[in-house]
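J.: Encoded as C-alpha cells, here's the structure I'll be asking about.
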Amino acid sequence: MPIEAPLTISNVVVPIADGIAPFELGVACELFAMDRSDDGLPVYDFALCSQTDVPVKTTAGYTVRTEHRLDRLKQADVIVLVAGSWAGSPPTAELASGLIEAHGRGCHIMAVCRGAFVLAATGLLDGKAATTHWRWTAEFARRFPAIEVRPRALYVDNGDLSTSGGTSAGIDLGLYLLRRAHGSAVSAAVARRMVVPLHRGGDQAQYVEPPAPRARDADPVSHAQQWALEHIGEPMGVDDLARAIHLAPRTFARLFTEAVGTTPARWLADQRIALARELLETTPDTVSHIARVTGLGSADSMQQHFRRVLGTTPSRYRQTFSRVDRRF
C-alpha cells in the first residue's frame, strides 16, 4: 500500500444512531476524546452527533444523549463510523449526504468493524479496497460488489477513507492514523497510555508487533521471533530461525505460518522494514547505517524494499514522516 501524505487530525466527530455498539464507540472515544495533554500529546475537538435530540439506544441497553446534530459533521476533519446493528440498514439520506460532503472537502472517514457497511452504502468506497469484521466479509462483498474486499486485513487505508476489521483492529487503525498525523512518537505514547501494542501482525497490517518473550518450551515460535529481533541486523533465513529453536526448517515453517498467519521470511522482512521506518522517523542516521542495522543490507537494497512494499523511497519517507527535533 503506498504511503499517503500526513493526515490532519484536529476535529473528530462520531455520528451515532439506535443500535450503536458501546465497545466500538468507546474505542473512538479512547483514541480521540481523551485529554492526554499532561504527556504533551495532542488534544482534539471531539463530539458525538445524532440525527435528533432523542437519546440513542445502544446494543447494551442503555442510551446516549448528545447535544450535537448531524450538521456537526461540517466541522470535522476526521469522522469515525463505528459498529452496531444500525449498520445493517443504509444510512439515512441526511447522514449519507453529510458523509459525502465531508469527504468532498477533504475529511478523512474512518470506519470501525461493521461501520464499513455505513461507509460503503454511500458509494464512496466503490473502486477502492476495504475490510470489515471477518464474520461479515462475505455479506459485505455480496452487498457491495464494486469494492475490493480484503477479508484478512486488520485494516485498509486508502488515504482519505479507511476501514478496520473487528474492534481491536479499530485500535490498530486509530494508532496508524495517529502515526500518519503526528509521527511514531505520538502514536507510541498513546499506545502506552492505552496499554495496547503499537504494532500487530497480520496480512494487511502496516506494522507488526514485536512479540513479548515467552518460555521457549511453551511457545517455540515466539522464541524464534524474539531471537530474530535480537539478531535483526545479522544475515538470517528460515534455516537460522529453525536452528535457533532446534526444529527442522520445514517443521518450523509450518508451525510459524500456522501461528502467525504469514511465512517466516515475510514476517522477518516486515520486522526489518518496520524498524527502518521507525529509525527514519526518529533518528538522523544515514540510510546506509539504517539498512545495515536492520538487516536490509545496503542503501540500494533498502530502497528496493521500500519501493516494493511502501511505494516510496527511504529518503522520501523520511521527508514525509520524520519528527526529529520537532515537538508533538
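J.: Could you work out [θ]222 nm for the chain from helices alone, using -39500 (n - 2.57) per DSSP H run of at least four and dividing by all its residues? Round to the nearest 500 deg cm²/dmol.
T.: It comes out at -13000 deg cm²/dmol, rounded to the nearest 500.
J.: For A138 and H289, FRET efficiency with R0 = 41 Å and r from the beta-carbon atoms, rounded to 0.05?
T.: Computed FRET efficiency for H289 and A138: 0.30.
J.: I would also like to ask the following. Using DSSP to call loops (not H, G, I, E or B), can you name the trypsin sites (Lys or Arg not before Pro) in the range 94-130 whose Cβ has at most 15 other Cβ atoms within 10 angstrom?
T.: R105
J.: In percent, what relative contact order does the chain have, based on Cα pairs under 8 Å that are 6 or more apart in sequence?
T.: Reported as a whole number, the value is 14 percent.
J.: What is the magnitude of the charge dipole of the range 72-192 about its Cα centre, with +1 placed on the Cβ of each Lys and Arg, -1 on the Cβ of each Asp and Glu, and no other charges, expressed in debye to the nearest 20?
T.: Result for the range 72-192 is approximately 240 debye, rounded to the nearest 20.
J.: Once amide H atoms are placed 1.01 Å from N in the peptide plane, what residues at a sequence separation of 5 or more from R69, or on another chain, have their amide H within under 5 Å of its amide H?
T.: Placed amide hydrogens put S50 under 5 Å from R69.
J.: Decide, for the chain, between rounded, prolate and oblate: order the square roots of the alpha carbon gyration tensor eigenvalues as a ≥ b ≥ c, take rounded if a/c falls under 1.5, and otherwise choose prolate if a/b is larger than b/c, else oblate.
T.: Here the chain falls in the prolate category.
J.: Roughly speaking, what is the centre-to-centre gap between the range 148-192 and the range 68-113 when only Cα atoms are used, to the nearest Å?
T.: Value for the Cα centre distance between the two parts: 18 Å.
J.: Kindly work out what percent of the DSSP beta bridges joining two residues of the chain are antiparallel, to the nearest 5.
T.: 25 percent
J.: Sort 138-146, 294-302 by packing, meaning the average of other beta carbons within 10 Å per residue, with the highest value first.
T.: Result, highest mean Cβ count within 10 Å first: 294-302, 138-146.
J.: Place a +1 charge on the Cβ of each Lys and Arg in the chain and a -1 charge on the Cβ of each Asp and Glu, then give the dipole magnitude about the Cα centre in debye, rounded to the nearest 20.
T.: Using only the charged Cβ atoms, the result is roughly 440 debye.
J.: Sort the following peptides by mean Cβ neighbour count (other Cβ atoms within 10 Å, averaged over residues), highest first: 282-293, 260-271.
T.: In decreasing order of mean packing, 282-293, 260-271 become 260-271, 282-293.
J.: Taking Cα pairs under 8 Å and at least six residues apart, what relative contact order does the range 220-261 come out at, in percent?
T.: Contact order relative to length: 42 percent.
Where a number appears in this text, it was derived from the coordinates with a stated rule and is not lab data. What you see is a predicted model, and the numbers here were worked out from it, not measured in a lab. Every residue, glycine among them, receives a Cβ derived from its backbone with ideal geometry; neighbour counts consider all protein chains shown.
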